[in-house]
Number of protein chains: 2
Amino acid sequence: MASNNNLAPYICIILSILICITPNNIFCHAAKTSGYTRSTNASADMPAEAFPAPPGFNAPEQVHITQGDCGGRGVIISWVTPYKNDYASIVRYWKACDPKHVFKARSRVYTYSYYNYTSGFIHHATIHKLEHDTKYIYELGHGDSIRQFSFTTPPKPGPNVPYTFGIMGDLGQTYASNSTLGHYMANKKGQAVLFVGDLSYADNWPLHDQRKWDTWGRFTENSAAYQAWIWTAGNHELDVAPEINEYVPFKAYKHRYHVPYKSSGSTSPLWYSIKRGPAHIIVLSSYSAFTKYTAQYNWLEAELKKVNRHETPWLIVMMHAPLYNSDNYHYMEGESMRVIFEPWFVQHKVDLVLAGHVHAYERSVSPRLNYTIVCSISCAKLLSYRQTERISNIQYNITNGQCTPIKDQNAPVYLTVGDGGNIEGLANNFIEPQPSYSAYREASFGHAVLEIKNQTHAFYTWHRNQDHEAVAADSTWFYNRFWFPKDESSL
Amino acid sequence: MASNNNLAPYICIILSILICITPNNIFCHAAKTSGYTRSTNASADMPAEAFPAPPGFNAPEQVHITQGDCGGRGVIISWVTPYKNDYASIVRYWKACDPKHVFKARSRVYTYSYYNYTSGFIHHATIHKLEHDTKYIYELGHGDSIRQFSFTTPPKPGPNVPYTFGIMGDLGQTYASNSTLGHYMANKKGQAVLFVGDLSYADNWPLHDQRKWDTWGRFTENSAAYQAWIWTAGNHELDVAPEINEYVPFKAYKHRYHVPYKSSGSTSPLWYSIKRGPAHIIVLSSYSAFTKYTAQYNWLEAELKKVNRHETPWLIVMMHAPLYNSDNYHYMEGESMRVIFEPWFVQHKVDLVLAGHVHAYERSVSPRLNYTIVCSISCAKLLSYRQTERISNIQYNITNGQCTPIKDQNAPVYLTVGDGGNIEGLANNFIEPQPSYSAYREASFGHAVLEIKNQTHAFYTWHRNQDHEAVAADSTWFYNRFWFPKDESSL
């Protein structure tokens, strides 16, 4: 544990338990710049030996799954084999409760070259017409290389279907990354991962060492082979290197991580949507064209109009570069997208905007502390407590001067969860004073969990790696903007 | 002539001549919202019969040239033939003063298909190592289809090399377009055209009728075969039509209009630079990715550092969507690019930012009128005269409220010349009151001319189609930001 830890949060938690009884489980540490910052020394990448290939001839590896259609009855199963043959392309699957009825699907196989690297055979098999809310077993490989995994399909989209998402970003493959993934997996609540971009960080290595994509695939298999990871492309997926004649953006990412973009009418895997349980999830690309007239702009404009809040009450948007960020690292890098899309997010009452990119954690909305009077003497002072509200900044017309974020109950909550633990280290240089759009921020590695309870309420927690998984370093309730557009600070 | 003309400009011009003696040729009409607006009825496209193919078997058509290298000793000659054979690919060229020494170059040949259309054979021949400031004759075709054209190479880049550019945008192929091009060609000053995007408007026709690209090529040949047109891609070059399975952006544009992007280290023809005479010209793409980490961002960041103002004192940036526009049409569509690139434009003292897109004319800076006292009684009142200065709007940090354009002598002049005359008609719905960043605006079709005199001074005029070419509806001097960073309003 770092020696420069501030005891304030612990004192606060104790004081909260002692004196703060609130109806909504809201604790003192819900709104602040946390004093709980870690050493910013970057964690080292784990060595290649930490990720051995599975045993057996032509054993399938780097197994991962994602949703394979719009509504959750499809799954894309992806894996890599050293060689290509008929056996290698087959996935067998069956309902866990009915092992006698085995089905088969065949993958499409891809390879790519990057400078002096040639990939293995990358398989993607899309399976359709699965049953909702059902556990499936699937099996890859042949002979002594057979490997078996399982997943559970999401419930049919509907207004009161509880579902829990993990949220991770900027993961990399360091010892800190390992801690983050381990913490997430130790929490048994997460049913699927919303991944906000920056996967392997291969591009940080000489010649963009593509073997790092292979080790990352092995590293994340323990989770990604068993539950859907919903992918977003980050800047480290661009992977362009003109100095070695590699000009095609997203080459490795697009070959390795297929998504069901066509089912939502998208023309690019970099932006798409899915419905999963109670949530309509829209994935955007911070590093593709998105101005008016472009494909991404046209698609999003049409997509937002299609959202049926009666079917999927929760509307979640994911991108890599945050629209609101109060860290000096990557400050205002999302501004170009914000000035175009924020008005739409407010108009369509988006519930949550998830981003990564900044290697820290930040949340934009903080509920009211019902114990202000009691608390103000003690922990409020320790924590520089400030209640923050939903804000928007969409009135600007160049000359009217209306460019300050203002209270707006139609606005989303902004969450930055870019603290997966990659090789670049933490971003602990926050803007002071803490802006009005920032409720909680902390430069620690971790992950978040979003528990959608019903069509009105979701409970959200953020977990720093230094704590035991059961500890929520940050937690709050979010109220659905369409069905329960109450001010979180008023309830 | 439209019947709703306002006589104010004429009265003003007369009054100016009578009473306004200024050292800088600045007339009253230099700073205003002009009353001289045209009917906004869109002009109709000229019929295909207006653009017959040239006579002879396999005659080369749609001939156009652009600069073929970084410094002006190269030219790309492009043409289309119905058939492909050895003759069709050859261009013969010689110095006008030395017709006995004939050289040959061979084209690279391309075709493309778009829905039910297949293009002719599109030829691009790049010729290098020409002599500067020299007239060349070139000849295409064979037998009875031989066609002869000429061009003059630009002078060697240098600090005191006079050079005159025409500026056009959003041209289309209507009767109004014909008037604009005719007016430009009637003005013999222009040595090359800076074209700010939106060429044929083929995408406005059913199935994006690609034959409109052919007729546009024939229409513009009279100018573009004889002087370099420097191309910028506009939104009408995107030409994407998912409903007919056409997903590749810029397909026709990229096939038909080659540019020398590799010579400036760019990896895409949509952004590149050239040096031409006294000017370093940077072309950007409003409809490609340009956020941090993307190829266009990385290229521009490096490119601006390379500009040598001792060699090319004038730094000009072109894009399609204007960063400053006070027309309700396309209002703030350039905002996404402005928030990223404007700080660089100010830092690097860009002289001019040229754009189109808005079907009107607008200029951001207005010099001081030295005759204010005399004039205020008469034309100043008629014209709602207001002096405007160079402005920037780059201080914003989300919370500081500093988002109003302020005086900044390092800022560029912004010119919108989107009034080429295309089928969509004029944009005559201006924001009132006229913002501080707008000096002159008028919804009339026309073109502009930039006469760079030396390393400190350039004389600029805008010409509306209804006037005789010799009449400058708007005119002013621009002072070079690097070598003569004076306030235009102080001299």
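Computed from the coordinates by the stated procedures, all read-outs in this text should not be read as laboratory data. Keep in mind it's a predicted model, so treat the numbers as computed, not measured. Positions of Cβ are generated from backbone atoms using ideal geometry, with glycine treated the same way; all protein chains shown enter the neighbour counts.
Data table
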item	result
Relative contact order of the range A:142-265, defined on C-alpha pairs under 8 angstrom at six or more residues apart (%)	24 percent
Exposed-site-free run, longest, chain B (rule: trypsin sites (Lys or Arg not before Pro); DSSP loop; at most 10 other C-beta within 10 Å)	B:189-491
16 Å Cα-Cα reach of residue B:305 towards lysines, excluding residues that sit fewer than 8 places from it in its own chain	B:275, B:349
Peptide A:334-344 - average C-beta neighbours from other chains (10 Å radius)	4
Fraction of antiparallel bridges per DSSP, the range B:156-299 only, in percent to nearest 5	55 percent
Proxy reagent accessibility, fewest Cβ within 10 Å first, across A:475, A:336, A:43	A:475, A:43, A:336
Listed residue pairs exceeding 19 Å between alpha carbons, taken from A:251/A:292; B:104/B:129; A:135/A:254	A:251/A:292; A:135/A:254
Overall Cα dimensions of the range B:80-154, principal axis frame, Å, largest first	46, 28, 16
Chain B: relative contact order as a whole-number percent, Cα under 8 Å and 6+ apart	20 percent
The range B:54-123 versus the range B:199-259: alpha-carbon centroid distance in Å	17 Å
Radius 9 Å from Cβ of residue A:125, net charge of other residues (Lys, Arg +1; Asp, Glu -1)	+2
Cα-based helix-to-principal-axis angle, A:335-347 vs chain A, degrees rounded to 10	80 degrees
Peptide A:245-255 - average C-beta neighbours from other chains (10 Å radius)	1
Antiparallel bridge percentage (DSSP; both residues within the range B:96-212; nearest 5)	75 percent
Helix-only mean residue ellipticity at 222 nm for the protein assembly as shown, each DSSP H run of n ≥ 4 adding -39500 (n - 2.57), per residue, nearest 500	-4500 deg cm²/dmol
Order of A:146, B:167 under a 10 Å beta carbon neighbour criterion, fewest first	A:146, B:167
Calculated label separations, residue A:131, copies of the chain, 7 Å along the beta-carbon direction, nm	8.6
Filtered GluC sites (Glu not before Pro), the range A:400-491: DSSP coil and at most 15 other beta carbons within 10 Å	none
Rounded to the nearest 20 debye, dipole of the protein assembly as shown from Cβ charges on Lys, Arg, Asp, Glu	300 debye
Dipole magnitude (debye, nearest 20) for the range B:56-115, charges at Cβ of Lys, Arg, Asp, Glu	200 debye
Of all DSSP beta bridges in the protein assembly as shown, antiparallel share, percent nearest 5	75 percent
Gap separating the Cα centres of the range B:436-491 and the range B:169-197, nearest whole Å	17 Å
Ascending count of other beta-carbon atoms within 10 Å, so fewest first, for B:484, A:219	B:484, A:219
When the protein assembly as shown is reduced to its Cα atoms, the Kirkwood hydrodynamic radius in Å	30.8 Å
Cα-based shape type of the range A:395-460, given that a ≥ b ≥ c are square roots of the gyration tensor eigenvalues and the cut on a/c is 1.5	oblate
